[in-house]
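What follows draws every value from the coordinates through simple rules; no lab data is involved. Everything quoted here is computed from the prediction, not taken from an experiment. Backbone-built Cβ (ideal geometry, glycine too); neighbour counts: all protein chains shown.
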Amino acid sequence: MLTINDFQAAADRLKSVIHRVPLATSKTFSDMTGAEVYLKYENQQKTGSFKVRGAYNKIMKRYEEGGLKAVVASSAGNHAQGVAFAASRIGVPATICMPRSTPIAKVSATQGYGANVVLHGAIYDEAYAKACEIVETEGAELIHPFDDEDVIAGQGTIALEILSDLPFVDMVLVPAGGGGLVSGVAACIKQINPRIQVVGVQAEGAPAIAENFKTDVITPSATVHTIADGIAVKNPGKVTMAYINQYVDQMVTVSDAEIAGAILLLLERTKQVVEPAGATPLAAILNGKVDIKGKKVCCVLSGGNIDVSFIHKVVAKGLVTRGRHLKFSTVMPDIPGSLERFTHIVARENANVILLDHDRMNSDLDIGEAILNAVCEVSGKEHGQRLLDALRKEGYKILT
């Protein structure tokens, strides 16, 4: 079992390598939740995520022991970069197996650290099987992304930094996929101060740990589907689950829409780019998944490696989730002047038309009618409701 000495030894190995980013307070999120909210920006970490901590600690410990000739790892991206970076520091060849769905930015970044990238399978678990095959055929040493105590010890160094910056924190929320981060943070914190609550956060589309929390038998999720590719894990680790069941207080899940809304808020209010997996703790507190009122709360924003071409999709989803974009349909007469009347009402209510689409072919329509599908920009959900009320008052039937 890991002890405080293991976490401190890992911190010593990492102290000349990682970025020590202090906790940041957020008045915006504090006001929104009724808590004192602090953010741990691991999106600013070397390689763009916390994963460098565990990978570097594991590889350097093995290098100190001697006999390390080559490494192989499986990853959706962040662990890949951590392994590639650590291996490059000591001149050891690294092969990384990644799912074919891995964002191009993460693939390119991993290759940029000198690793050989093998794209295999649709999800992390299939890439892991390929990595195990390479271990057998090429004799490289597997650096597991989460189910390894040396990796867990490296991830847990985040807890030492949080406690150094905020000794009287009441609750720490941590993303959870395979469980390396949440198990390390929880094991470290609870051995120092058992009073502090640790909450793991998963995506609804990848809830394996939440479903297996405090159970004796680990059952994989039937399917995995989420925008949070960094925590899209079907099978949680056996080692990590043992620590999670012992030390973690609560597991919660958040939807993709809630994650997207959190990412958008982080962009707008803090000017921070955070990937979907990293935004899950903030999504949890903003959507009332945990009782935090009156507490000092720290959200670990675990990474910022998001594909630029994917950001606009997340932002669009976040705008809808937060009520900034209002999507609806209505029936109107298919005659000259109908569209002008509609847009006049929208303008009068200080909303902005983004998209309009006429549907004249719907079988439910009477002759001379059309369905107007609209997307309007509004300031929030209350503003959106005022617009819909104004349209209804003018005789429009709102369909969706």
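Which of ALA122, THR102, LEU142 sits closest to the plus end of the dipole of the range 51-149, meaning its Cα is farthest towards the positive end, when Lys and Arg get +1 and Asp and Glu get -1 on the C-beta?
Sorting the options by dipole projection puts first THR102.
Normalised radius of gyration for the chain, please: alpha carbon Rg relative to 2.2 N^0.38 Å, two decimal places.
It is 1.12.
Using only helices, what value at 222 nm comes out for the chain when you add -39,500 (n - 2.57) per DSSP H run of length 4 or more and divide by the total residues, to the nearest 500 deg cm²/dmol?
-13000 deg cm²/dmol
I need two numbers for the range 88-239: Rg to one decimal and Dmax as a whole number, Cα atoms only, in Å.
In order Rg, Dmax, the Cα atoms of the range 88-239 give 16.7, 50 Å.
Over the Cα atoms of the range 299-340, what is the Rg over Rh ratio if Rh follows Kirkwood?
Checking Rg against Rh, the ratio lands at 1.29.
What order do you get for 328-341, 36-49, 147-160 when each peptide is scored by the mean count of other beta carbon atoms within 10 Å, highest first?
147-160, 36-49, 328-341
Can you compute the FRET efficiency between THR223 and ASN5 using 1/(1 + (r/R0)^6), with r the Cβ-Cβ distance and R0 = 45 Å? Round to the nearest 0.05.
Computed FRET efficiency for THR223 and ASN5: 0.65.
Given contacts defined as C-alpha pairs under 8 Å and at least six residues apart, what's the relative contact order of the chain, whole-number percent?
16 percent
Where the centre of each part is set by its Cα atoms, how far does the range 227-293 sit from the range 23-83, in angstrom?
15 Å
Using alpha-carbon pairs under 8 Å, 6+ residues apart, how would you state the relative contact order of the range 232-330 in percent?
31 percent
Counting pairs of alpha carbon atoms under 8 Å apart in space and at least six apart in sequence, what relative contact order in percent does the range 324-393 give?
Value for the range 324-393: 45 percent.
Give me the net charge for the shell around GLU36: Cβ to Cβ below 11 angstrom, other residues only, Lys and Arg +1, Asp and Glu -1.
+2
Which translational diffusion coefficient, to the nearest whole µm²/s, is obtained for the range 51-149 from the Stokes-Einstein equation, given a Kirkwood hydrodynamic radius over C-alpha pairs, 10 °C and 1.306 mPa s?
Using the Kirkwood radius from Cα pairs, D works out to 124 µm²/s.
How many percent of all Cα-Cα pairs in the range 324-393 sit more than 20 Å apart?
Tail of the P(r) past 20 Å holds 27 percent of the pairs.
Once the principal axes of the Cα atoms of the range 178-335 are found, what is the range along each, listed largest first in whole angstroms?
Per principal axis, max minus min of the Cα coordinates gives 70, 36, 29 Å.
Which of the peptides 253-259, 52-58, 17-23 is most tightly packed, and how do the rest follow, judged by the mean count of other Cβ atoms within 10 Å per residue?
52-58, 253-259, 17-23
Kindly state, to the nearest 0.05, the FRET efficiency for HIS312 paired with ARG348, given R0 = 22 Å and r defined as their beta-carbon distance.
With R0 = 22 Å, the Cβ-Cβ based efficiency is 0.15.
Going by average Cβ density within 10 Å per residue, which order do the peptides 352-361, 285-294 take, highest to lowest?
Result, highest mean first: 285-294, 352-361.
Once you wrap a convex hull around the alpha carbon atoms of the range 192-269, what is its projected area averaged over all directions, in nm²?
6.3 nm²
Hey, what D do you get for the range 8-112 in µm²/s if you plug the Kirkwood alpha-carbon radius into Stokes-Einstein at 25 °C and 0.890 mPa s?
Once the numbers are plugged in, D ends up at 161 µm²/s.
Calculate the spin-label point distance for CYS132 paired with THR400, positioning each point 7 Å from the Cα along the beta-carbon direction, and give it in nanometres.
4.3 nm
Projecting each Cα onto the charge dipole of the range 324-393 (Lys/Arg +1, Asp/Glu -1 at the beta carbon, about the Cα centre), which of THR330, ALA351, GLY380 comes out farthest on the positive side?
GLY380
Expressed in nm², what is the orientationally averaged projection area of the convex hull enclosing the Cα positions of the range 124-190?
Answer in nm², one decimal: 5.0.
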